[in-house]
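Note sheet for the following structure.
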Amino acid sequence: MAWNGEEYQARFDRIAAEGGDVHGEAALVRSLGPSSVLDAGCGTGRVAIELARHGIDVVGVDLDSSMLATARHLAPGIPWHLSDLAGLDLGRTFDVVVMAGNVPLFTPPGTEPDLVGGVAAHVRPGGRLVAGFSLDRGYSLEDYDTHCAAAGLSLVEKRYGTWSREPYAGGTYAVSVHRRP
(Lines give C-alpha, C1' and ligand atoms only; values in the text may rest on other atoms or scores of the structure.)
Protein backbone atom coordinates (compact mmCIF):
# COMPACT_ATOMS: atom_id res chain seq x y z
CA MET A 1 0.00 0.00 0.00
CA ALA A 2 1.38 3.42 -0.96
CA TRP A 3 0.69 6.37 1.32
CA ASN A 4 0.90 10.12 0.90
CA GLY A 5 2.44 11.45 4.09
CA GLU A 6 1.32 15.04 3.56
CA GLU A 7 -2.31 14.03 2.99
CA TYR A 8 -2.27 11.66 5.94
CA GLN A 9 -0.86 14.36 8.24
CA ALA A 10 -3.34 16.97 6.92
CA ARG A 11 -6.20 14.82 8.22
CA PHE A 12 -4.84 14.94 11.78
CA ASP A 13 -4.02 18.64 11.45
CA ARG A 14 -7.69 19.29 10.51
CA ILE A 15 -8.94 17.27 13.48
CA ALA A 16 -6.65 19.19 15.84
CA ALA A 17 -7.66 22.55 14.31
CA GLU A 18 -11.31 21.66 14.94
CA GLY A 19 -10.53 21.00 18.61
CA GLY A 20 -10.23 17.22 18.41
CA ASP A 21 -7.76 15.32 20.57
CA VAL A 22 -5.15 13.69 18.35
CA HIS A 23 -2.83 12.71 21.18
CA GLY A 24 -4.68 9.90 22.96
CA GLU A 25 -2.00 7.37 22.05
CA ALA A 26 0.78 9.60 23.39
CA ALA A 27 -1.18 10.32 26.58
CA LEU A 28 -1.61 6.62 27.31
CA VAL A 29 2.09 5.97 26.65
CA ARG A 30 3.10 8.92 28.83
CA SER A 31 0.94 7.54 31.68
CA LEU A 32 3.34 4.57 31.81
CA GLY A 33 6.22 6.90 32.74
CA PRO A 34 8.77 5.95 30.06
CA SER A 35 12.03 7.74 29.46
CA SER A 36 12.45 6.06 26.05
CA VAL A 37 9.91 5.00 23.40
CA LEU A 38 10.06 3.28 20.05
CA ASP A 39 7.18 4.42 17.83
CA ALA A 40 6.89 1.32 15.65
CA GLY A 41 4.97 2.09 12.47
CA CYS A 42 5.29 5.79 13.24
CA GLY A 43 3.75 7.11 10.04
CA THR A 44 4.16 10.89 9.94
CA GLY A 45 5.40 10.94 13.52
CA ARG A 46 2.33 12.32 15.28
CA VAL A 47 2.78 10.13 18.38
CA ALA A 48 6.58 10.34 18.49
CA ILE A 49 6.60 14.12 18.10
CA GLU A 50 4.11 14.56 20.96
CA LEU A 51 6.16 12.25 23.20
CA ALA A 52 9.38 14.13 22.35
CA ARG A 53 7.59 17.39 23.19
CA HIS A 54 7.27 15.99 26.72
CA GLY A 55 11.00 15.23 26.99
CA ILE A 56 10.86 11.52 26.15
CA ASP A 57 13.68 9.99 24.09
CA VAL A 58 11.86 8.77 20.98
CA VAL A 59 12.82 6.84 17.85
CA GLY A 60 10.41 6.31 14.95
CA VAL A 61 10.36 3.47 12.42
CA ASP A 62 8.14 3.06 9.38
CA LEU A 63 8.26 1.22 6.08
CA ASP A 64 6.74 4.05 4.04
CA SER A 65 9.18 6.67 2.76
CA SER A 66 6.45 9.28 2.14
CA MET A 67 5.27 9.05 5.74
CA LEU A 68 8.85 9.32 7.01
CA ALA A 69 9.56 12.30 4.75
CA THR A 70 6.71 14.14 6.46
CA ALA A 71 7.95 13.05 9.90
CA ARG A 72 11.48 14.23 9.11
CA HIS A 73 10.14 17.57 7.89
CA LEU A 74 8.03 18.06 11.04
CA ALA A 75 10.69 16.94 13.53
CA PRO A 76 14.19 16.70 12.05
CA GLY A 77 15.73 16.15 15.51
CA ILE A 78 14.03 12.80 16.07
CA PRO A 79 15.78 9.71 14.68
CA TRP A 80 13.53 8.25 11.93
CA HIS A 81 14.32 4.85 10.39
CA LEU A 82 12.99 3.36 7.18
CA SER A 83 12.54 -0.34 7.95
CA ASP A 84 10.17 -3.26 8.06
CA LEU A 85 9.25 -4.02 11.68
CA ALA A 86 9.56 -7.76 11.19
CA GLY A 87 13.17 -8.58 11.98
CA LEU A 88 13.86 -4.99 13.11
CA ASP A 89 17.22 -4.52 14.85
CA LEU A 90 18.01 -1.04 16.14
CA GLY A 91 20.62 -2.36 18.56
CA ARG A 92 18.84 -1.03 21.64
CA THR A 93 15.79 -1.49 23.83
CA PHE A 94 13.14 0.93 25.07
CA ASP A 95 10.91 1.38 28.10
CA VAL A 96 7.88 1.32 25.80
CA VAL A 97 7.33 0.23 22.23
CA VAL A 98 4.07 1.56 20.82
CA MET A 99 2.20 0.41 17.73
CA ALA A 100 -0.58 2.92 17.17
CA GLY A 101 -2.73 3.24 14.07
CA ASN A 102 -3.60 -0.40 13.36
CA VAL A 103 0.04 -1.29 12.64
CA PRO A 104 -0.45 -5.08 12.89
CA LEU A 105 -3.13 -4.88 10.21
CA PHE A 106 -0.71 -3.50 7.61
CA THR A 107 1.68 -6.43 7.70
CA PRO A 108 1.13 -9.15 5.10
CA PRO A 109 -1.13 -11.95 6.39
CA GLY A 110 0.89 -14.66 8.08
CA THR A 111 3.76 -12.35 9.07
CA GLU A 112 2.16 -11.09 12.29
CA PRO A 113 4.37 -13.31 14.51
CA ASP A 114 7.47 -11.81 12.85
CA LEU A 115 6.10 -8.29 13.30
CA VAL A 116 5.42 -8.84 16.99
CA GLY A 117 8.79 -10.55 17.43
CA GLY A 118 10.60 -7.69 15.70
CA VAL A 119 9.11 -4.98 17.89
CA ALA A 120 9.12 -7.08 21.09
CA ALA A 121 12.88 -7.54 20.75
CA HIS A 122 13.14 -3.81 21.48
CA VAL A 123 11.23 -3.94 24.80
CA ARG A 124 13.67 -3.79 27.71
CA PRO A 125 13.21 -6.05 30.76
CA GLY A 126 10.30 -4.59 32.70
CA GLY A 127 9.24 -2.57 29.66
CA ARG A 128 5.98 -2.63 27.77
CA LEU A 129 4.58 -3.13 24.29
CA VAL A 130 1.40 -1.11 23.69
CA ALA A 131 -0.69 -1.74 20.59
CA GLY A 132 -4.14 -0.71 19.43
CA PHE A 133 -5.89 -2.16 16.41
CA SER A 134 -9.27 -3.03 14.93
CA LEU A 135 -10.44 -6.55 15.58
CA ASP A 136 -12.73 -6.89 12.57
CA ARG A 137 -9.99 -7.33 9.98
CA GLY A 138 -8.79 -10.87 10.54
CA TYR A 139 -6.27 -10.50 13.38
CA SER A 140 -7.70 -11.51 16.75
CA LEU A 141 -6.68 -10.65 20.28
CA GLU A 142 -6.10 -14.35 20.92
CA ASP A 143 -3.62 -14.50 18.03
CA TYR A 144 -1.95 -11.26 19.13
CA ASP A 145 -1.61 -12.49 22.73
CA THR A 146 -0.15 -15.78 21.45
CA HIS A 147 2.40 -13.89 19.34
CA CYS A 148 3.30 -11.67 22.29
CA ALA A 149 3.75 -14.73 24.54
CA ALA A 150 6.01 -16.35 21.93
CA ALA A 151 8.10 -13.15 22.01
CA GLY A 152 8.41 -13.31 25.82
CA LEU A 153 5.70 -10.79 26.72
CA SER A 154 2.59 -11.21 28.86
CA LEU A 155 -0.61 -9.21 29.19
CA VAL A 156 -0.36 -7.57 32.61
CA GLU A 157 -2.49 -4.49 32.38
CA LYS A 158 -6.18 -4.43 31.74
CA ARG A 159 -7.11 -4.20 28.10
CA TYR A 160 -8.68 -0.97 26.88
CA GLY A 161 -11.38 -0.34 24.29
CA THR A 162 -9.85 3.02 23.31
CA TRP A 163 -6.62 4.96 23.69
CA SER A 164 -8.53 7.08 26.24
CA ARG A 165 -8.38 3.99 28.48
CA GLU A 166 -12.08 3.12 28.37
CA PRO A 167 -12.37 -0.48 29.58
CA TYR A 168 -12.47 -3.13 26.88
CA ALA A 169 -15.84 -4.85 26.89
CA GLY A 170 -15.71 -6.85 23.71
CA GLY A 171 -16.09 -4.68 20.57
CA THR A 172 -14.16 -4.12 17.41
CA TYR A 173 -11.14 -2.22 18.76
CA ALA A 174 -8.72 -2.93 21.58
CA VAL A 175 -5.57 -1.47 23.08
CA SER A 176 -3.34 -4.01 24.78
CA VAL A 177 -0.40 -3.53 27.13
CA HIS A 178 2.08 -6.41 27.39
CA ARG A 179 5.18 -6.52 29.62
CA ARG A 180 8.56 -8.17 29.39
CA PRO A 181 9.49 -9.72 32.77
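The values are calculated or read from the model by the stated rules, or taken from the named source; none is laboratory data. This one's a predicted model, so the numbers in the text were calculated from it and none came from an experiment. We place every Cβ from the backbone using ideal geometry, glycine too, and count neighbours over all the protein chains shown. When the accessible area is computed, the model is the full protein with side chains, heavy atoms only, and any ligands, DNA or RNA have been set aside. Shrake-Rupley method; radii C 1.70, N 1.55, O 1.52, S 1.80 Å.
What nm value, rounded to one decimal, do you get for the distance between Val156 and Arg14 when each label is placed 7 Å out toward the C-beta?
So the two model labels end up 4.1 nm from each other.
Per the helix-only calculation at 222 nm, which mean residue ellipticity applies to the chain, given -39500 (n - 2.57) for every DSSP H run of n ≥ 4 and division by its residues, nearest 500 deg cm²/dmol?
Result for the chain: -9500 deg cm²/dmol, rounded to the nearest 500.
Springs between alpha-carbon pairs under 10 angstrom, Gaussian network model over the chain: which of His81, His73, His23 fluctuates most?
The residue that fluctuates most here is His73.
Between Pro167, Pro113, Pro34, find the one with the highest GNM mean-square fluctuation for the chain; connect C-alpha pairs within less than 10 Å.
Taking springs between Cα atoms under 10 Å, the residue moving most is Pro167.
How large a share of the accessible area of the chain, in percent, is made up of carbon and sulfur atoms when the probe is 1.4 Å and the other protein chains stay in place?
51
For the stretch 81-181, just say rounded, prolate or oblate: build the C-alpha gyration tensor, square-root its eigenvalues into a ≥ b ≥ c, call rounded for a/c under 1.5, and beyond that prolate if a/b exceeds b/c, oblate if not.
Judged from the Cα gyration tensor, the stretch 81-181 comes out oblate (a/c at least 1.5, b/c at or above a/b).
What is the magnitude of the charge dipole of the chain about its Cα centre, with +1 placed on the Cβ of each Lys and Arg, -1 on the Cβ of each Asp and Glu, and no other charges, expressed in debye to the nearest 20?
Magnitude of the dipole: close to 520 debye.
Per residue, how much accessible area does the chain show when a 1.4 Å probe rolls over the protein heavy atoms, in square angstrom? Present the calculation step by step, with values, prior to reporting the outcome.
Numbers: 8340 Å² over 181 residues.
Averaged over the residues of the chain, the accessible area is 46 Å².
Could you work out how far the C-alpha centroid of the stretch 125-142 sits from that of the stretch 60-88, in angstrom?
21
Would you kindly state how much longer the chain becomes between Thr93 and Glu7 on full extension, computed as 0.36 nm times their sequence separation minus their alpha carbon distance, in nm to one decimal? The partial results should precede the final answer.
Details: separation 86, 0.36 × 86 = 30.96 nm, distance 3.17 nm.
Using 0.36 nm per residue and subtracting the Cα-Cα distance, I get 27.8 nm.
If the only charges are +1 at each Lys and Arg Cβ and -1 at each Asp and Glu Cβ, what is the size of the charge dipole of the stretch 43-101 around the Cα centre, to the nearest 20 debye? Please report the intermediate quantities before stating the final value.
On the way: 4 positive and 7 negative charges, 40 e Å.
Using Cβ point charges on Lys, Arg, Asp and Glu, the stretch 43-101 gives about 200 debye.
Semi-axes of the chain's equivalent ellipsoid from the Cα gyration tensor, sqrt of 5 times each eigenvalue, largest first, rounded to whole Å?
23, 18, 17
If R0 is 45 Å, what FRET efficiency do you get for Ala169 and Arg124 from their C-beta distance, rounded to 0.05? Don't skip to the end; give the middle numbers.
Details: r = 31 Å, r/R0 = 0.70.
That pair, Ala169 with Arg124, gives E of 0.90.
So if R0 is 35 Å, what FRET efficiency would Ser140 and His81 give, r being the distance between their Cβ atoms, rounded to the nearest 0.05?
So the FRET efficiency works out to roughly 0.75.
Once a ≥ b ≥ c are taken as the square roots of the eigenvalues of the Cα gyration tensor of the stretch 82-125, is the result rounded (a/c under 1.5), prolate (a/b larger than b/c) or oblate (a/b not larger than b/c)?
Working: a/c = 1.96, a/b = 1.58, b/c = 1.24.
Verdict is prolate for the stretch 82-125.
Once you order the gyration tensor axes a ≥ b ≥ c over the Cα atoms, which shape class does the stretch 138-178 get: rounded for a/c under 1.5, otherwise prolate or oblate by comparing a/b with b/c?
Values: a/c = 2.84, a/b = 1.48, b/c = 1.92.
In terms of gyration-tensor shape, oblate.
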